[in-house]
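The values are calculated or read from the model by the stated rules, or taken from the named source; none is laboratory data. This one's a predicted model, so the numbers in the text were calculated from it and none came from an experiment. When we count neighbours, we look across all protein chains shown, and the Cβ atoms used for this are built from the backbone with ideal geometry, even at glycine. Protein only, heavy atoms only, side chains kept; ligands, DNA and RNA dropped before computing areas. Shrake-Rupley method; radii C 1.70, N 1.55, O 1.52, S 1.80 Å.
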Amino acid sequence: MTMRTEQEQYEIHEDLLEAVEAEMPDDEELFDLAELFKIFGDSTRIRILFVLSKSELCVYDIAEALSMTASAVSHQLKVLRQARLIRNRREGKQIFYSLADDHVRTIIAMGLEHLEE
């Protein structure tokens, strides 16, 4: 009976591992990336981002579009703003919200495209 160690059973591709390690972000960046994706892990926030991908809106417009209370929308907008996924601007007494940049729009679009495959 021949016993093999794990090293004998599997070939380690050092050159491939070195290439991967050279491009691997540091642990803090990977943690931040995981935290960002947690923000996208909430269906209410995804719905808000989708609505904002179509138009700049105030809290009340978003609440109406999603059949939610303005208070519930405001809470989620705070989370999205802290994650720098949305921005706001004041017009008189109203505050209008929009996506922070095209990256957010791309993430939403690519996620939907992936689901449709």
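In the set Glu21, Glu64, which member is more than 21 Å from Met110 (Cβ to Cβ) and surrounded by fewer than 10 Cβ atoms within 10 Å (Cβ to Cβ)? Reasoning before the result, please.
Details: Glu64 fails: surrounded by fewer than 10 Cβ atoms within 10 Å (Cβ to Cβ).
Sole residue among the options that is more than 21 Å from Met110 (Cβ to Cβ) and surrounded by fewer than 10 Cβ atoms within 10 Å (Cβ to Cβ): Glu21.
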Quick one: Leu30 ticks every box in (1) at pLDDT 95 or above; (2) over 19 Å from Leu99 (Cβ atoms); (3) open to solvent by 80 Å² or more (accessible area, probe 1.4 Å) bar one, so which box is it? (3)
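Has segment 82-105 got any residue that is part of a helix (DSSP H, G or I), touching a strand residue (DSSP E or B) at 6+ places or on another chain (Cβ under 7 Å) and open to solvent by 50 Å² or more (accessible area, probe 1.4 Å)?
Within segment 82-105, the subset part of a helix (DSSP H, G or I) is 82, 102-105.
Okay, now just the ones that are also touching a strand residue (DSSP E or B) at 6+ places or on another chain (Cβ under 7 Å), so 105.
Filter once more, so that each one left must be open to solvent by 50 Å² or more (accessible area, probe 1.4 Å): 105.
Yes, that holds for at least one residue.
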In segment 40-61, is there at least one residue being of a type in the set (Gly, Ala, Ser), exposed (fewer than 10 other Cβ atoms within 10 Å of the Cβ) and in a helix (DSSP H, G or I)? yes
What is the number of the single condition among (1) touching a strand residue (DSSP E or B) at 6+ places or on another chain (Cβ under 9 Å); (2) at positive phi; (3) of a type in the set (S, T, N, Q) that Ser67 does not meet? (1)
Which of (1) among the small types (Gly, Ala, Ser); (2) loosely packed, with under 11 Cβ neighbours inside 10 Å; (3) part of a helix (DSSP H, G or I) is the odd one out, the single condition Ala72 does not satisfy? (2)
When both residues are 6+ apart or on different chains and their Cβ atoms are under 9 Å apart, which pairs have a first residue that lies in segment 102-117 and is within 16 Å of Asp42 (Cβ to Cβ) and acidic (Asp, Glu), and a second that is open to solvent by 80 Å² or more (accessible area, probe 1.4 Å) and modelled with pLDDT of 95 or more? none
